[in-house]
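**Student:** Have a look at this one before I ask anything.
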Amino acid sequence: MTLAAFERATSLDRLRHETFDLVVIGGGVTGAGVALDAASRGLKVALVERDDFSSGTSSKSSKLIHGGLRYLQQGDVKLVYEALAERQRLLTNAPHLVKLLPFLLPMFGKGGVIPAKIARLLGTAMWGYDLTGGFKVGKLHKRVTKSEALEYMPTLPAKNLVSGYLYFDAAADDSRLVVAICRTAALHHGAVMANRVTVTGLTQGAAGNVNGVTVAADGDEFTIATNAVVNAAGVWADRVRTLDEGTDPDSMRPAKGVHLTVPHHLVRNTIAAVIPVPKDRRSVFVVPHGEFTYIGTTDTDYDGSIDDPQCTEDDIDYLLSAINANNVNTITRDDIVGTWAGLRPLVKSASSGRTADLSRGHNIHRSPSGVVTITGGKLTTYRHMAADTVDEVVSEVLGARAPRGAKRSVTKKLRLRGADGYQSVTAAARGYGVTNAVADHLANRFGGEARAVMAMIKDDPTLAEPLVPGLPYVRAEAIFAVRHEMARSVDDVLSRRTRARLYGRADSAAAADAVAELIAPELGWSAAEAAASAAEFRALCEHERDAAGLEDVLLGTALATV
């Protein structure tokens with residue numbers, strides 16, 4: 001039996017035969033955060049995820065850890081304050097994953113002049129951002145000249161550019177963050193974390209309190225015994241509530257967010273930028289990422305299948321219109337090498353209006369049976385949301401059954417797996433026969449655990465070869481993902497454990513068979529099973545491409561500069 005198969009069997013065996021204080025439904029950032037918060041308080045915790053960890057919204061965000069400047073402009077000072085406090089904690093607790101990122105807010109005016117009222121409002125908003133927590137990173141905003149703004153983003157149209165503001169937020173690979181949270185909960189605090197486990201029902205005791213979660217996994221169905229349940233299923237939360245409460249609460253208002261990836265040489269921004277959308281009251285982010293820049297996000301009402309949100313031709317038109325109105329290079333559909341679309345689990349509001357104007361605050365609901373549902377929120381505030389949710393579980397559901405000392409969250413200062421030893425990874429590269437470039441790349445994805453990945457390369461130097469030609473990921477990452485991060489398919493490896501699909505969809509699809517062959521021995525696959533996983537991944541890529549009305553764009557062509 002392979003290591004991956006052994007760990008899978010062990011996890012499912014524990015779910016079948018042990019009784020838990022808490023079962024968490026949903027393996028996105030919120031569910032993972034709840035599991036870690038609860039387990040670090042001493043609760044016995046299990047988490048089950050229908051698909052893969054972060055496969056929903058939590059792998060399809062803007063990859064930003066930020067307060068949300070626009071929320072401040074909307075008057076939601078409390079949310080911005082909380083988000084900036086959480087940003088600071090993540091910079092400390094996950095320095096390998098969360099990085100400070102400067103942002104340019106260019107200011108345009110007719111005839112080279114900005115209306116005085118607009119200038120005052122922007123300046124006030126910047127000071128407000130600093131005062132609500134921006135100062136904690138040791139960098140305050142500053143006004144920059146037109147020439148300075150062009151140095152940061154040379155492709156801005158100079159004709160109407162007047163000046164700009166420079167301010168600071170942070171960025172993180174959202175899916176890697178979820179994996180780190182899951183591994184911290186499991187390896188440091190004993191939680192059972194299991195993907196590909198589908199919830200089919202909930203059971204109740206004689207008093208009407210929830211006491212079990214019925215699941216299907218690997219062809220078997222069984223009930224996990226538990227004293228409490230948290231529903232952290234995101235946009236699918238109402239489905240879980242229906243299993244518990246018997247009726248559809250219809251509480252969600254999903255908002256679709258779409259991003260597209262283009263070669264960096266078409267934009268050449270050295271820092272992130274906030275670009276206004278023509279004839280709209282919002283902006284999009286333009287974020288550099290190595291040889292690429294990604295642009296997004298949209299924020300539109302969504303009434304399609306929540307199981308299959310896709311980037312459409314209209315979404316592409318919207319984002320291309322935004323960037324091309326603020327960029328001297330015309331970016332076309334033929335330049336797009338990747339797209340992604342996700343649904344924000346927003347809570348319906350009594351007031352109507354755009355989803356962009358709905359609060360990103362979170363909501364906690366406790367049913368008569370004791371199931372606690374957490375909805376809303378945003379990536380940055382996941383820890384705060386989790387702490388509030390576990391507080392509810394401990395005080396209102398478990399009560400005297402809660403372990404001693406469980407009343408207070410300890411995650412404010414809890415460092416995530418990989419944080420320790422992160423700073424010294426590159427210095428150790430020579431001892432593993434790894435280049436500094438590869439060591440830097442691995443350090444910023446695995447932190448201190450990069451040494452384990454480099455050790456694999458030392459034993460087998462072919463694992464330092466590219467996983468997908470043209471992208472920085474190495475073959476050892478796929479092996480590590482399967483052995484230690486519960487990746488169970490080609491899609492898990494190329495879409496989430498690495499982000500190859502986001503930055504080179506066509507090249508990733510072309511590499512699918514090779515990736516399947518690489519991980520097949522780790523998963524105990526036959527040749528037919530490996531081929532099926534590769535084919536499934538290619539089908540997902542083709543569906544994504546066709547939904548957006550795009551053609552395959554290979555990196556060798558896209559990244560070539562004239």
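The values are calculated or read from the model by the stated rules, or taken from the named source; none is laboratory data. Computed from a prediction, not measured in an experiment: that's the story for all the values here. Don't worry about glycine lacking a Cβ; one is built from the backbone with ideal geometry, like all the others, and counts go over all protein chains shown. Surface accessibility is based on the protein's heavy atoms, side chains included, excluding ligands, DNA and RNA. Shrake-Rupley method; radii C 1.70, N 1.55, O 1.52, S 1.80 Å.
**Student:** Where the only charges are on Cβ atoms (+1 Lys, Arg; -1 Asp, Glu), what is the dipole of segment 115-268 about its Cα centre, to the nearest 20 debye?
**Tutor:** Value, rounded to 20: 1200 debye.
**Student:** May I pose another question? Cβ neighbours within 10 Å, averaged per peptide: list 505-511, 93-99 in order, most packed at the top.
**Tutor:** On the way: 505-511: 24.0, 93-99: 22.0.
Top of the packing list down: 505-511, 93-99.
**Student:** In the chain, what % of DSSP beta bridges are antiparallel (nearest 5)?
**Tutor:** 80
**Student:** Just how much of Tyr318 is accessible, in Å², when a 1.4 Å probe is used and the result is rounded to the nearest 10?
**Tutor:** Tyr318 has an accessible surface of roughly 60 Å² with all protein chains in place.
**Student:** Give me the net charge of Arg545's neighbourhood, meaning all other residues with Cβ under 9 Å from the Cβ of Arg545; Lys, Arg count +1, Asp, Glu -1.
**Tutor:** -4
**Student:** Here is the link list: Lys136/Lys413; Lys44/Lys348; Lys99/Lys412; Lys136/Lys256. Which ones come out longer than 27 Å on Cα distance?
**Tutor:** Lys44/Lys348; Lys136/Lys256
**Student:** How large is ³J(HN,Hα) for each residue in segment 412-428, as worked out from phi by the Karplus curve 6.51 cos²θ - 1.76 cosθ + 1.60 (θ = phi - 60°), to whole Hz, x for Gly and Pro?
**Tutor:** 4, 10, 8, 7, 7, 3, x, 5, 6, x, 4, 5, 9, 5, 4, 5, 8
**Student:** Could I ask something else about it? At Val77 and Ala206, where each label point lies 7 Å from the Cα along Cα→Cβ, what is the point-to-point distance in nanometres?
**Tutor:** Label at Val77, label at Ala206, 5.4 nm between them.
**Student:** Give the peptides 34-46, 286-298 in descending order of average Cβ contacts within 10 Å, highest first.
**Tutor:** Working: 34-46: 27.1, 286-298: 22.0.
Going by the mean number of other Cβ atoms within 10 Å, highest first, we get 34-46, 286-298.
**Student:** Under a Cβ-Cβ cut-off of 14 Å, what is the net charge of the residues other than Lys99 that fall near it, where Lys and Arg count +1 and Asp and Glu count -1? Provide the component values of the computation, followed by the final result.
**Tutor:** Numbers: positive: Lys63, Arg87, Lys139, Arg176, Arg445; negative: Asp169, Asp173, Asp174, Asp440.
Local net charge: +1.
**Student:** If you average the alpha carbon positions of segment 209-246 and of segment 389-440, how far apart do those two centres end up, in angstrom?
**Tutor:** Here the two parts' Cα centres lie 26 Å apart.
**Student:** Still on this structure, I have one more. So what is the accessible area of segment 475-530 per residue, in Å², with the probe set to 1.4 Å?
**Tutor:** Per residue, segment 475-530 has an accessible area of 28 Å².
**Student:** Test of understanding: what is the full-extension gain from Thr2 to Thr198, defined as 0.36 nm times their sequence separation minus their Cα-Cα distance?
**Tutor:** Difference between extended and current length: 68.2 nm.
**Student:** Report Leu150's accessible area, 1.4 Å probe, all protein chains in place, as a number in Å² to the nearest 10.
**Tutor:** Accessible surface of Leu150 is approximately 40 Å².
**Student:** Can you tell me the accessible area per residue over segment 268-391, all protein chains present, probe 1.4 angstrom, in square angstrom?
**Tutor:** Per-residue value: 39 Å².
**Student:** So, one more: Counting only protein heavy atoms, what percent of the accessible surface of the chain is carbon or sulfur at a 1.4 Å probe?
**Tutor:** Carbon and sulfur atoms account for 53 percent of the accessible area of the chain.
**Student:** With Rg and the Kirkwood Rh both taken from Cα atoms, where does Rg over Rh land for segment 471-562?
**Tutor:** 0.99
**Student:** Now, a different point. Give the separation of the Cα centroids, segment 253-296 to segment 492-562, in Å.
**Tutor:** Using only Cα atoms to place each centre, the spacing works out to 23 Å.
**Student:** Compute the Rg to Rh ratio over segment 128-267 from the alpha carbon atoms, using the Kirkwood formula for Rh, and round to two decimal places. Before the final figure, lay out each step's value.
**Tutor:** Numbers: Rg = 24.2 Å, Rh = 20.8 Å.
A ratio of 1.17.
**Student:** Also: In what sequence, highest mean first, do 239-245, 47-53 appear when ranked by Cβ atoms within 10 angstrom? Walk me through the numbers before you get to the answer.
**Tutor:** Numbers: 239-245: 18.0, 47-53: 24.4.
Top to bottom by mean Cβ count within 10 Å: 47-53, 239-245.
**Student:** Let me ask something else. Over the alpha-carbon set of segment 204-301, divide Rg by the Kirkwood Rh and report the Rg/Rh ratio to two decimals.
**Tutor:** Ratio of gyration radius to Kirkwood radius: 1.23.
**Student:** What is the set of long-range amide H partners of Leu467 at a cut-off below 5 Å, with H atoms built 1.01 Å from backbone N?
**Tutor:** Amide H neighbours of Leu467, under 5 Å, 5+ apart: Tyr473, Val474, Arg475.
**Student:** Same structure, new question: Enumerate the whole-percent occupancy of each 20 Å bin, from 0 to the last occupied one, for all C-alpha pair distances of the chain.
**Tutor:** Using 20 Å bins, I get a P(r) of 21, 56, 22, 1 for the chain.
**Student:** Taking the Cα of Ala532, stepping 7 Å toward and past its beta carbon, and measuring to each backbone N in segment 213-228: which are under 16 Å?
**Tutor:** Those under the cut-off are 217-220.
**Student:** At a probe radius of 1.4 Å, what is the per-residue accessible area of Glu485, in Å² to the nearest 10?
**Tutor:** Counting only protein heavy atoms, the figure is 10 Å².
**Student:** What percent do you get for the relative contact order of segment 210-319 when only Cα pairs under 8 Å and 6+ apart count?
**Tutor:** 21
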